[in-house]
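Each reported figure results from applying straightforward, stated rules to the coordinates on display, with no laboratory input. Predicted model only: the values in this text are computed from it and were never measured. All Cβ positions, even for glycine, are placed from backbone atoms using ideal geometry, and neighbour counts span all protein chains on display.
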Amino acid sequence: MRSGRAAGTHTGTSDPCWLGPATTAFLRGRQVSLLAEGPIADTLRLELATAVGPAGAVGGDPSCEPALVLARHDLLAGAVGVTGPLRRAADAAAGLGEEGFALVGDGSTAAVVATGERGLLHGYFHLLRSAATAGSHEVLPTLETVQEPALPVRMINQWDNTSAGDHLGSVERGYAGDSIFFSDGRIVQDRRRISDYARLLASVGINAVSINNVNVHPAAVRLLTDGLPDVADVARIFRGYGIATYLSVSFASPIVLGDLPTADPGDESVVAWWAGVAEGLYREIPDFGGFVVKADSEGRPGPFDYGRDHVDGANLIAGALRPFGGRVFWRCFVYDHRQDWRDRSTDRARAAYDHFAALDGRFADNVVLQVKCGPMDFQVREPVSPLALAMAETNTVVEFQITQEYTGQQIDLCCLLPQWHEILTFDVSGEQLPGDTLASALARRGRVTASSGVCAVSNVGDDANWTGHKLAQANLYGFGRVAWDPALSAREVLGEWTALTFPDATDLHETLIELQMGSWGTYEMYTAPLGVGWMVTPHTHYGPAVDGYEYSKWGTYHFADRDGLGVDRTVATGTGFAGQYPKAWAERYEHVETCPDELLLFFHHVPYSHLLHSGTTVIQHIYDTHVEGARRVVEMRDLWRSLEGRLDEASWTNVMERLERQVNSAREWRDQVTTYFFRKSGVPDRNGRVVH
Ligand code: GCV
């Protein structure tokens, strides 16, 4: 779905999102001091110079009583004037990792001390956040905090194609215009948007980015060769913001690029080919991050083509990257996409676990498995992926989708932060043991190898506001923030984003937060019910088509008939998927009596008359939630209309236009889903509303 603006027109200027000029107002005209050298320090120096403006100054001497001092810990050893907040920050920063920082502000002076340059950058952006949430645009905030990221890997995946002619347009599943990275088969020459993007990502603590689609189309393979100088320049931009650059590569690259007859991991010439590629890459980009690989997935080549397994495939490429410190992110989105809908024993939800769980412990230490957060594919409601809970001996990143492929495509408002919070704080054992969340499991592994964490598919494009829907910026912002600190609540993160993004509308902050907080639940209400998923229009994935994926090859069925619906994934009578979970969860999901309502149809096929824990029947729940969801969208639209003139016009108009479309879409969902189930079941709505 295009955003309405002419395709491919880079404006050169763009919405500053949550980093508008007001966020640095408290530094205007001040003296600041920076004690650090290197590419990130250079970025910081420019940031600070812009913030203080012509009347201020950026120096190096902390003894001149600057309003703000940012200093690398080791450089403070011999410095004079290390007193007050600077002394306290220096003491607190000793022993931190290179991304951590200590920040102390007494209201008139603030000091950020870190052991590495990246920590200084994180500390600086934290200061801006703190000032915004304290509501003081003109005054340095009072605060004292020491922070380190909970998760070492905090990565963004772009699904950007090198040319718009590729499958699904310039950005696969992109809803905000064309790619900011590529145009006409190569990396864009005007790199201002890339640099602005790097700044946005750095400001929320992202430290890795892969710049091209995991579906690597023929032209994109050449990023490794002809495109390398441009990739090196993009890596230089990201380096300045402390972000490592990665490329998605095809497993068949030795054939496509190397003219070899095979890509077999057991073939010596293939091993040598990858080693040569890595050597060339690291000659150009010494701190290159590595590769992302989608193999044996949705028709992509992979080790199965050669009778090998995923350990063979991933370790092959990891071996080439190891001498240079690179990593391979190996996606676990492996399932049968040519399924026979008549076959009720094959279950796509089982696939990732079935393929990978038994391989735990066999991957090289620079392989990171990339596991989608749910077992299917970023539906509005799924259980947490059992594979993400199973890989104790393997580096893992859990993959989220910021781009709203199945959640309204940045036309519908759907703030995903509450969903991500549920997933990251998921109780792994199901026994409520202290410190046993998914995020803490990833963090524990991260402390061993520094190679676990989270990644997410970006939602940006070259639309002036980056995300198509202005409020969808909160999902991008929020992903970075929960990757840094998974314990942050959705409300806290939204509070930050709202304060930073709409600094002049303080009286509306609560309203804006509430609007976003409820939007995921509302979206869930008017779309596919009770975790069953997939009632979307095939291919585009926007709007309702209840049977759109029912008789397809993709493994995406709801099995509705005249008596009931849902997928039996129990061990006793179904596909056995429930048995992939740790014992307490397996038992809970196995039985309708204990399965949570919101996942009932993911795990069970039940009659329409089945009584939910909520006290209503499944069929009545479908009627009620769809009517209520659509009503709430109208309410959101009306609320937004009432805000006219109270927010900047571009934001108001953009969101108003999207909400009008969402009202229509929700109405369509409501009427198609309720009518479909009325016709199937013959059970009337208790409230007499379903008439179609
Ligand atoms: C990049 C889903 C999407 C595809 C996407 C794929 C993946 O199938 O519809 O567009 O491809 O997931 O995650 O690889």
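If I histogram all Cα-Cα distances within the stretch 153-486 using bins 10 Å wide from 0, what percent of pairs lands in each bin?
Pairs per bin, as whole percents: 6, 27, 37, 25, 6, 0.
How would you order 653-661, 414-422 from highest to lowest mean count of nearby Cβ atoms within 10 Å? The partial results should precede the final answer.
On the way: 653-661: 18.1, 414-422: 23.7.
Result, highest mean first: 414-422, 653-661.
What is the dipole size for the stretch 483-528, taken about its Cα centre, with +1 at each Lys and Arg Cβ and -1 at each Asp and Glu Cβ, in debye to the nearest 20?
Details: 1 positive and 8 negative charges, 31 e Å.
Charge dipole of the stretch 483-528: 140 debye, to the nearest 20.
Enter the Cα centre distance for the pair the stretch 106-168 and the stretch 345-408, rounded to the nearest angstrom.
Each part's Cα centre sits 28 Å from the other's.
So which lysines can K553 reach, going by Cα to Cα under 25 Å and dropping same-chain residues fewer than 8 places off?
Partners found: K294, K372, K680.
Would you mind working out the magnitude of the charge dipole of the chain relative to its Cα centre, with +1 at each Lys and Arg C-beta and -1 at each Asp and Glu C-beta, to the nearest 20 Debye?
Values: 59 positive and 86 negative charges, 77 e Å.
Result for the chain is approximately 380 debye, rounded to the nearest 20.
So what's the net charge close to Y542: Lys and Arg +1, Asp and Glu -1, counting the other residues with Cβ under 11 Å from its Cβ?
Details: positive: R173, R661; negative: E405, D412, E668.
Cβ neighbours under 11 Å give a net charge of -1.
Any idea how far the Cα center of the stretch 471-505 sits from the one of the stretch 189-226, in Å?
What the calculation gives is 23 Å, centre to centre.
Can you say what percent of the DSSP beta bridges in the stretch 21-147, counting only those with both residues inside, are antiparallel? Round to 5. Don't skip to the answer; put the middle values down first.
On the way: 10 of 22 bridges.
If I count the DSSP bridges inside the stretch 21-147, around 45 percent turn out antiparallel.
What does the charge dipole of the stretch 496-624 about its Cα centre add up to, to the nearest 20 debye, if the Cβ of each Lys and Arg holds +1 and the Cβ of each Asp and Glu holds -1? Walk me through the intermediate numbers first.
Details: 5 positive and 17 negative charges, 125 e Å.
Roughly 600 debye for the stretch 496-624.
Say the dipole of the chain comes from +1 at the beta carbon of Lys and Arg and -1 at that of Asp and Glu; which of A439, H626, M656 then lies farthest toward its positive end?
The residue sitting most towards the positive pole is M656.
Sorted by average packing, counted as other Cβ atoms within 10 angstrom per residue and highest first, what order do 308-316, 679-687, 570-578 take? Don't skip to the end; give the middle numbers.
Numbers: 308-316: 21.9, 679-687: 14.6, 570-578: 18.4.
The densest-packed peptide leads the list: 308-316, 570-578, 679-687.
Before anything else, pin down the relative contact order of the stretch 153-486: Cα pairs under 8 Å, at least 6 apart, normalised by residue count, whole percent. Mind showing how you got there, number by number?
On the way: 654 pairs, mean separation 65.8, N = 334.
Here the relative contact order equals 20 percent.
Would you tally the net charge around D309, using a Cβ to Cβ cut-off of less than 11 Å, leaving D309 out, and scoring K and R as +1, D and E as -1? Show your work: numbers first, answer last.
Working: positive: R308, R362; negative: D296, D312.
With Lys, Arg at +1 and Asp, Glu at -1, the neighbours total 0.
Taking K and R as +1 and D and E as -1, what net charge do the other residues with C-beta under 11 Å from the C-beta of A472 add up to? Can you show the working numbers first?
Details: positive: K470, R658; negative: D412, D463.
Summing Lys and Arg as +1 and Asp and Glu as -1 gives 0.
Using DSSP, restrict attention to beta bridges with both residues in the chain and report what percent are antiparallel, rounded to the nearest 5. Let's see the in-between values first.
Numbers: 18 of 62 bridges.
Rounded to the nearest five, the antiparallel share is 30 percent.
Based on the mean of other beta carbon atoms within 10 Å per residue, what is the order of 602-612, 36-46, 367-377, most packed first?
On the way: 602-612: 20.3, 36-46: 17.8, 367-377: 24.5.
Ranked by mean Cβ neighbours within 10 Å, highest first: 367-377, 602-612, 36-46.
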